[in-house]
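Undergrad: Below are the structure tokens for one structure; questions will follow.
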């Protein structure tokens, strides 16, 4: 193939965010005795947390809220659902979550094998909307940091997917040509759309085979399918 530079998303693409987040909250739910605070059970709490997390991430990507507010208000809103009015606890849980989450060494099935294969044939980079310190810790604890030449977080680039500026910044910094670059990610409206906005080819990683009207260059349901494309 014509590609020389592969730009990967991290969460939900290479790093198993859902498993890591659930494990982290299970530990914090127990350690902070949240059942005694008025939260009925872990599963109910986690469903509400995921709802508010997704909602606030959408607002953050749209530029409506700041990074700092996202970090603690997703927990604050969750606690409010259960009539727990403790702002201090929200901040405490936020800090504990951000410390513990990136230590979870959980990768998506086939991620390491894919990186092993690609690292000898392509130059690998990351483009992620995650927080710089947190994302680097995930890579370190998962043992995959060495695969990537450049890591582009929204903080570094002063832009966020799907804005084309973050992709353009990554291209400038790496010296990669547009026609030799490929973006791989799990989000149509973030990874694929952002790549399309700057004219970059894309791979939509769709493990749940969700129906859609998007037009990625390629689509895969498992990471090992990318090996066949490459």
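Undergrad: Can you tell me the relative contact order of the range 17-103? Whole percent, Cα pairs under 8 Å, sequence separation 6 or more.
TA: On the way: 60 pairs, mean separation 29.2, N = 87.
Relative contact order here is 34 percent.
Undergrad: Compute the orientation-averaged projected area for the chain from the convex hull of its Cα atoms and round it to one decimal in nm².
TA: On the way: hull surface 48.9 nm².
Over every viewing direction, the Cα hull of the chain projects on average to 12.2 nm².
Undergrad: Between residue 218 and residue 173, what FRET efficiency comes out of the Förster formula 1/(1 + (r/R0)^6) with R0 = 30 Å and r the beta carbon distance, rounded to 0.05? Provide the component values of the computation, followed by the final result.
TA: Numbers: r = 25 Å, r/R0 = 0.82.
Working from the Cβ atoms, E equals 0.75.
Undergrad: Output needed for the range 23-63: three equivalent-ellipsoid semi-axes, defined as square roots of 5 times the C-alpha gyration tensor eigenvalues, in descending order, whole Å. Present the calculation step by step, with values, prior to reporting the outcome.
TA: Numbers: eigenvalues 117, 20, 13 Å².
Result for the range 23-63: semi-axes of 24, 10, 8 Å.
Undergrad: Let me ask another. Using alpha carbons only, how many degrees (0 to 90, rounded to 10) separate the axis of helix 42-61 from the longest principal axis of the chain?
TA: 50
Undergrad: Would you work out if the range 70-129 is rounded, prolate or oblate? Take a ≥ b ≥ c from the square roots of the eigenvalues of the alpha-carbon gyration tensor; rounded if a/c is under 1.5, else prolate when a/b is larger than b/c, oblate otherwise.
TA: Details: a/c = 3.77, a/b = 3.34, b/c = 1.13.
Prolate, since a/c reaches 1.5 and a/b exceeds b/c.
Undergrad: When DSSP assigns beta bridges and you keep just the ones with both residues in the chain, what percent turn out antiparallel, to the nearest 5? All intermediate terms of the calculation are to be shown ahead of the outcome.
TA: Values: 1 of 21 bridges.
The antiparallel fraction comes to roughly 5 percent.
Undergrad: Is the shape of the range 83-172 best called rounded, prolate or oblate, per the rule: a/c under 1.5 gives rounded, else a/b larger than b/c gives prolate, else oblate, with a ≥ b ≥ c the square roots of the Cα gyration tensor eigenvalues? Please report the intermediate quantities before stating the final value.
TA: Numbers: a/c = 3.01, a/b = 1.51, b/c = 2.00.
Oblate shape, in that a/c is at least 1.5 and b/c is the bigger or equal ratio.
Undergrad: Got the relative contact order for the chain handy, in percent, Cα pairs under 8 Å and 6 or more residues apart?
TA: On the way: 339 pairs, mean separation 53.9, N = 230.
Reported as a whole number, the value is 23 percent.
Undergrad: Apply the a/c threshold of 1.5 to the C-alpha gyration tensor of the range 137-230 and tell me whether it is rounded, prolate or oblate.
TA: On the way: a/c = 1.56, a/b = 1.17, b/c = 1.33.
Here the range 137-230 falls in the oblate category.
Undergrad: Measure nothing but the geometry: give the 0 to 90° angle between the long axis through the Cα atoms of 87-100 and the longest principal axis through the Cα atoms of the chain, rounded to 10°.
TA: Relative to the chain, helix 87-100 is tipped by roughly 40 degrees.
Undergrad: Output the 0 to 90 degree angle, nearest 10, between the alpha-carbon long axis of helix 164-174 and the longest principal axis computed from the alpha carbons of the chain.
TA: Approximately 60 degrees, to the nearest 10.
Undergrad: May I ask for the distance between the Cα centers of the range 1-75 and the range 189-227, given as a whole number of Å?
TA: Using only Cα atoms to place each centre, the spacing works out to 22 Å.
Undergrad: Report the equivalent ellipsoid semi-axes for the range 17-103 in whole Å, largest first, defined as the square roots of five times the eigenvalues of the gyration tensor built from alpha carbon atoms. Write out the running numbers ahead of the final one.
TA: On the way: eigenvalues 75, 44, 29 Å².
In descending order, the three semi-axes are 19, 15, 12 Å.
Undergrad: Select from 206, 53, 158 the residue whose mean-square fluctuation is largest in a Gaussian network model of the chain (Cα-Cα springs shorter than 10 Å).
TA: Per the Cα network of the chain with a 10 Å cutoff, 158 tops the list.
Readers should treat all values here as calculations from the given coordinates under stated rules, not as data from a laboratory. Fair warning: this is a prediction, and the values are worked out from it, not measured in the lab. Neighbour counts run over all protein chains shown; Cβ positions are idealised from the backbone, glycine included.
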